[in-house]
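Here the structure comes first, spelled out in structure tokens, and everything after it is commentary.
The values are calculated or read from the model by the stated rules, or taken from the named source; none is laboratory data. The structure presented is a predicted model; accordingly, all values stated were derived computationally and were not measured. A quick note on method: Cβ atoms are made from the backbone with ideal geometry, for glycine too, and the neighbour counts reach across all protein chains shown.
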Amino acid sequence: MARHLTATLYDTKSRRRRRHLQGRAGAGIALKRTEASDPCRSAEYIRNANNKSRANRPKVAEILAHTAYPDTIWKLTPTQSGQLPVASTRGGPIKIDWEVHGHGDIKLVVSEHLVLEQSRADGLWIMGLGSHKSSWQRQTLCFGHEEGDKYSSLIFDNRGMGKSDKPLMRYSTSEMAKDVLELVDHLGWTKERQLHITGVSMGGMIAQELGLLIPNRICTLNLISTAAFIKNTTTYLENLRTRIMMFVPKSLDRAVTDSAQLLFSPRWLDAPDTSPLPTSSTPLAILPPSGSYPRFTTNYERFAAQELTKRLDADGFPRRGFMMQAIAAGWHYKSPEQLGELGDRVGRERIAVVHGTEDRMISVPHGRKLIEWLGVEGVRGVVKEGVGHIFMLEEWEWHNVFLAGRFESGEALNEGVGNE
């Protein structure tokens, strides 16, 4: 029971110990904390809030009948794509399905009148447990299409999901990082300090492993809603319930609502859908027959639609692939000493950690410890009040601006400008 995927962590020995952990100011930047950020009470708090809203949320049948549902996944044409066999000497070959969006050398304006020319920022987006590469579509739209002349963005399906192979074998975050390494080598992205790596949840665990494998090739390392390892920070019964519910068969309606409750704050779920959408001016975007991508009414509806496109794809979302990935995430472990080495070798000024106080998949003490053990400071260690697990959806605007700043900062460091 030492390492489990679900988001609950640290000691269960005593309530006093939990209060001690929760009362610590922690490292990094944080807004005022409220009782919703207390990991011992947040699960009950969120369940009550969700139960009040759930009755008003549409059922699966209504989502499937929505006029926007057929266009839930945007048709964003990649500049490159393929399936690469990896792991030929590690139990493979295993085909990894990948796409690159965007194409060019970039020009970064670092400060007034200073331009860094002919610098290439290659962005690598690593997705978490049970997710497809299309989950990054807001970021793919922004960095790979709207700013595709500046960025080259790599997205892919991890082994076990989507269009990648799904072998029945022991998965680990270290092996999955080696899959990624073979992929970037195949693309020729091998220069020193070339890669901007962003990983969320299990993707952040893979990113940690990748950072230790190729530290000198990393320009920035951005770890979002992730952990060095998973431990329990709530009551034993709450932890047990959460872990069991991840694998218990349930109706599609229950599966979608439970996922929403686990991943997002109730406030965001019931807010109007304000997602960015491709338009006729978006490069390499194919519009639906109507001529425009329609909106859903709420964020919950858009999330539910995207979740349904995944769950109704039996080949792309197999139960065994999910379980193999869960094992990999659950057994991921990086000690404080290993994280110190990661910070030393990549450079702490190149690493950022972001976590939300209402994350119920990987609770906020994990993020605080990651900030502390990596030794990241100031604006590079962010604990954001009231946000759930999936920043790239719930806080997509802030998330994209924050990462754009990180990319610029990393490129400036490559040119010896600045120290952040």
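List pairs: first in segment 398-410 and at pLDDT 95 or above, second of a type in the set (Phe, Trp, Tyr) and crowded, with 20+ Cβ neighbours inside 10 Å, Cβ under 8 Å, 6+ apart or cross-chain?
Trp398/Phe391
Restricting the search to segment 180-233, which residues are in a helix (DSSP H, G or I) and under 17 Å from the mean Cα position of the chain (by Cα)?
The first filter runs over segment 180-233 and keeps only residues in a helix (DSSP H, G or I), leaving 180-187, 202-213, 215-217.
Selection gives Val180, Met202, Gly203, Gly204, Met205, Ile206, Ala207, Gln208, Glu209, Leu210, Gly211.
Can you tell me which residues in segment 366-411 are in contact with a Leu (Cβ under 7 Å, 6 or more places away or on another chain) and not charged (D, E, K, R)?
If the condition is that a residue be in contact with a Leu (Cβ under 7 Å, 6 or more places away or on another chain) and not charged (D, E, K, R), then His366, Leu370, Trp373, Leu374, Gly388, His389, Ile390 are the ones that fit.
Return only the number of the condition from (1) outside any strand (DSSP E or B); (2) at pLDDT 90 or above that Ile96 does not satisfy.
If we test Ile96 against (1) outside any strand (DSSP E or B); (2) at pLDDT 90 or above, just (1) comes out false.
Is it the case that Asp359 is more than 22 Å from Asp179 (Cβ to Cβ), of a type in the set (Asp, Glu), in contact (Cβ under 8 Å) with a residue 12 or more places away in the chain and touching a strand residue (DSSP E or B) at 6+ places or on another chain (Cβ under 8 Å)?
For Asp359, the condition - more than 22 Å from Asp179 (Cβ to Cβ), of a type in the set (Asp, Glu), in contact (Cβ under 8 Å) with a residue 12 or more places away in the chain and touching a strand residue (DSSP E or B) at 6+ places or on another chain (Cβ under 8 Å) - is not met.
Tell me which helices (runs of 4 or more DSSP H) are completely within segment 309-420 and hold 1 or more residues being surrounded by fewer than 19 Cβ atoms within 10 Å (Cβ to Cβ), or say none if there are none.
Here the list reads 319-330, 336-346, 364-374, 396-414.
What's the number of the condition Ser174 fails, among (1) at pLDDT 95 or above; (2) more than 21 Å from His101 (Cβ to Cβ); (3) touching a strand residue (DSSP E or B) at 6+ places or on another chain (Cβ under 7 Å)?
(3)
Anything in segment 262-306 that is touching a His at 6+ places or on another chain (Cβ under 8 Å), assigned to a helix (DSSP H, G or I) and under 20 Å from Ala61 (Cα atoms)? List them, or say none.
Kept after step one, since they are touching a His at 6+ places or on another chain (Cβ under 8 Å), are these residues of segment 262-306: 262-264, 278, 282-285, 296, 301, 305.
Subset that is assigned to a helix (DSSP H, G or I): 262-263, 301, 305.
Within segment 262-306, Glu301, Ala305 meet the criteria.
Quick one: is Gly144 surrounded by 24 or more Cβ atoms within 10 Å (Cβ to Cβ) and on the phi < 0 side of the Ramachandran plot?
yes
Name the residues in segment 155-181 that are over 14 Å from Ala207 (Cα atoms) and not basic (Lys, Arg), would you?
Residues satisfying the conditions are Asp157, Gly160, Met161, Gly162, Ser164, Asp165, Pro167, Leu168, Met169, Tyr171.
Could you list, in sequence order, the residues of segment 377-397 that are at pLDDT below 95 and either farther than 24 Å from Ser135 by Cα or among the basic types (Lys, Arg) (or both)?
Result: Glu377, Gly378, Val379.
Scan (1) out of contact with any His (no Cβ under 9 Å at 6 or more places or on another chain); (2) modelled with pLDDT of 95 or more; (3) assigned to a helix (DSSP H, G or I) for the single condition Ser259 breaks and write down its number.
(2)
Conditions (1) of a type in the set (S, T, N, Q); (2) crowded, with 18+ Cβ neighbours inside 10 Å, marked per residue:
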{"site": "Asp157", "(1), (2)": "no, yes"}
{"site": "Leu168", "(1), (2)": "no, no"}
{"site": "Met176", "(1), (2)": "no, yes"}
{"site": "Met202", "(1), (2)": "no, yes"}
{"site": "Gln208", "(1), (2)": "yes, yes"}
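Touching an Asp or Glu at 6+ places or on another chain (Cβ under 9 Å) and among the acidic types (Asp, Glu): which single residue out of Glu341, Glu337, Glu301 fits that description?
Every option except Glu301 fails the conditions.
May I ask you to list the residues in segment 169-218 that are over 22 Å from Val354 (Cα atoms) and of a type in the set (Ser, Thr, Tyr)?
Within segment 169-218, Tyr171, Ser172, Thr190 qualify.
Yes/no matrix, rows are residues, columns are (1) closer than 27 Å to Ser275 by Cβ; (2) of a type in the set (Gly, Ala, Ser); (3) in contact with a Lys or Arg (Cβ under 9 Å, 6 or more places away or on another chain):
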{"residue": "Gln306", "(1), (2), (3)": "yes, no, no"}
{"residue": "Gly316", "(1), (2), (3)": "yes, yes, yes"}
{"residue": "Arg320", "(1), (2), (3)": "no, no, yes"}
{"residue": "Gly330", "(1), (2), (3)": "no, yes, yes"}
{"residue": "Tyr333", "(1), (2), (3)": "no, no, yes"}
{"residue": "Val354", "(1), (2), (3)": "yes, no, yes"}
{"residue": "Lys369", "(1), (2), (3)": "no, no, no"}
{"residue": "Glu372", "(1), (2), (3)": "no, no, no"}
{"residue": "Ile390", "(1), (2), (3)": "yes, no, no"}
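Modelled with pLDDT of 55 or more and part of a loop (DSSP other than H, G, I, E, B): which single residue out of Thr140, Thr89 fits that description?
Going through Thr140, Thr89 in turn, just one is modelled with pLDDT of 55 or more and part of a loop (DSSP other than H, G, I, E, B): Thr89.
Looking at (1) farther than 18 Å from Val200 by Cβ; (2) in contact with a strand residue (DSSP E or B) (Cβ under 9 Å, 6 or more places away or on another chain); (3) without any contact (Cβ under 8 Å) to a residue 40 or more places away in the chain; (4) of a type outside the set (D, E, K, R), can you tell me which one Val379 breaks?
(3)
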